[in-house]
Every structure is written in C-alpha cells, then in structure tokens.
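Please treat every number below as a calculation from the coordinates, not as lab data. No experiment lies behind these values; they were computed from the predicted model shown. Glycine also receives a Cβ, built like all others from the backbone with ideal geometry; neighbour counts cover every protein chain displayed.
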Amino acid sequence: MTALAAPSPKHRLSLLTVSRHCLTLGGRNLLHLKANPGEIIGFAVVQPLIVIALLVYVFGGAIAGNTDAYLQFALPGLIVQSSVTAVLTTGTGLHQDISNGLFDRLRSLPIARIAPLIGHLIGTLVRVTVGLVMLLAVGAVQGFEVRTGLWSLLAGLLLITLFAAGLAWLSMLVGLAAKSATTVHMFSGVLAVPLTFCSNVFVKTDTMPGWLQAWADINPISQEATALRALVSGGPVGNSVWWTLGWSVVMTAVFAPLAIQAYRRRV
C-alpha cells in the first residue's frame, strides 16, 4: 500500500510581487489607449471641448446670465460629472475581458489572483486623471481661474480620484455579477443620470422643487462638486470634503470585498 504524498503548500507571494503584478496589468489596460489613440483623443480632448462648448456657451448665458461666471461655477461640476461617467465604464471593460476568456488565460500564469482586478482599477483611475487634467487645461484656455493655489488644486484632484476609486468598485461588482454586457451598460446609464443631473453639478439646488432639492443636497455628487469648487475657486468648504471622503471610504469598504468575492467565484 503506497502512502499518499502530502500536497505542497502554496507559495505565498510577497506584497512587492503582488504590487508589481497589479501595476503590470494596469499598464496592460493602458496599452489599449496606445493601440487606439482615437479613444484617448476623443475622451481627453474632443469630449471636454464639446461639453464646455455646449454647457457653458450654449446654456451658460441663460442659466447664469454670463458665460464667464457660469464657467467658473460649472467646470468643477463638469470635472465631477466626467469622472463619474468614466469610472462607471470599468465594469464594462471587466465584463468584456471575462467574456473573452482573458482572465482564464491569466489564471494559468503564476501571478497574484487579485492582480487582474486591481489592474483594471489602476487603468481606470489613470484614464480618469488624464480626463480631469485635460478638462482643467481646456477650461483654463477658456478663462477658468484656479483661485486657491496649487496645493488646493492637487487636493481637489486627489479627492476626485478617491471618490472615483470607491465608485469603481461598485461598477466592477456589477460587471462581475451581470450576465450580459447590456446589463452593465444599462446600470451605468441608469445610475449616472440621477447622480449627476439631480445634483448641483450644473445648477444651484435652490432653483429645484423642494422634494428634488432635498435629494440633491444629500447627493454624494453634490457634496463632491461643492468640495471641488471650494478647493479650486475658494469659498466655504463646510463639511463637503469630509462627506466626500466618508462616501469614498464607505463605498470602498462595502463594494471592494463584495467585488473581490464575486471575482473569486467568477474566475
């Protein structure tokens, strides 16, 4: 009777190795932009120009009476709106990679299992950051002024990135749980509309009906837009920065474990 050999213990990867794997796959996601330069040009250059032209120069005079004043109010809101819209596409790319069998091929490699998921998150945050910088650059050419200094501007961009990271976990959870790409697209559109349009991104909430104003005032997107306006244009910050940080922490704490659990079940 032959004795059964004890299974060899799995090799535990170091934190440095896991980080390197995550960064490598994050770079892989960014290589799509090199292969498709039209995507980054459209997202980072053309889209900001169109958005600013339509909202500021078409509607700005009617809303604020002056396009320059509306640009100063609207651009921070447009930055928030752009980051939310961009980060909600994370689940779509994740679902597409799983459907194409990419994650099955990656699973056969000696890499950290979590690396493909974190790689998607890194790629999304880099694209979001590029889009925000381009919006600021286009806005500056049009006359937008950063009135608080460089450090406040960097703090505002960091705050947007932290919130985007928390929201990205929700998008990835949907991408992992959904059975079809249509479901992921539908979720992104349905979530983006009430979050961005029922907020103070484009207009002040005191012009809204009472029931809608109540939602807009507690909407996390309104808190984020208020915080960014205060950090880049001056004015009272209030509790908006803390609310935004709180939402970022809560979304990450809730949706990151759920997304990781769904990812382990899926792949």
Is it fair to say L212 is closer than 25 Å to I63 by Cα, of a type outside the set (S, T, Y) and in contact with a Pro (Cβ under 8 Å, 6 or more places away or on another chain)? no
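So how many residues does the stretch 114-133 have that are over 16 Å from V84 (Cβ atoms) and either assigned to a helix (DSSP H, G or I) or in contact with a Leu (Cβ under 9 Å, 6 or more places away or on another chain) (or both)? Lay out the reasoning, then the answer.
Start the filter on the stretch 114-133 by keeping residues that are over 16 Å from V84 (Cβ atoms), which leaves 114-120, 122-123, 126, 133.
Restricting the remaining residues to those that are either assigned to a helix (DSSP H, G or I) or in contact with a Leu (Cβ under 9 Å, 6 or more places away or on another chain) (or both) gives 115-120, 122-123, 126, 133.
Total meeting the criteria: 10.
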Apart from one, (1) surrounded by 14 or more Cβ atoms within 10 Å (Cβ to Cβ); (2) more than 21 Å from G93 (Cβ to Cβ); (3) without any contact (Cβ under 8 Å) to a residue 40 or more places away in the chain; (4) not hydrophobic (A, V, I, L, M, F, W, C) all hold for T183; the odd one out is (2)
Does any residue of the stretch 136-147 turn out to be buried (at least 18 other Cβ atoms within 10 Å of the Cβ), among the β-branched types (V, I, T) and over 24 Å from S199 (Cβ atoms)? no
Just one listed residue, out of A168, A230, A253, is part of a helix (DSSP H, G or I) and over 17 Å from the mean Cα position of the chain (by Cα), and it is A230
Can you find a residue in the stretch 206-224 that is touching a residue at least 24 places away in the same chain (Cβ under 8 Å), within 23 Å of I118 (Cα to Cα) and of a type in the set (A, V, I, L, M, F, W, C)? no
Picked from the stretch 60-98 (must be of a type outside the set (A, V, I, L, M) and part of a loop (DSSP other than H, G, I, E, B)), the residue nearest to the chain's Cα centre (by Cα) is T89
Please indicate, with yes or no, whether at least one residue in the stretch 231-248 is crowded, with 18+ Cβ neighbours inside 10 Å, under 16 Å from T205 (Cβ atoms) and touching a helix residue (DSSP H, G or I) at 6+ places or on another chain (Cβ under 6 Å). yes
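Regarding G166, is this residue surrounded by fewer than 18 Cβ atoms within 10 Å (Cβ to Cβ) and either more than 26 Å from G234 (Cβ to Cβ) or touching a helix residue (DSSP H, G or I) at 6+ places or on another chain (Cβ under 7 Å) (or both)?
On the way: surrounded by fewer than 18 Cβ atoms within 10 Å (Cβ to Cβ): no; either more than 26 Å from G234 (Cβ to Cβ) or touching a helix residue (DSSP H, G or I) at 6+ places or on another chain (Cβ under 7 Å) (or both): yes.
No: the conditions fail for G166.
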Just to check your reading of the model, which residue among T129, T124 is closer than 21 Å to V201 by Cα and polar (S, T, N, Q)? T129
Among the listed residues L158, L212, which satisfies the condition of being assigned to a helix (DSSP H, G or I) and either charged (D, E, K, R) or more than 17 Å from the chain's Cα centre (by Cα) (or both)? L212
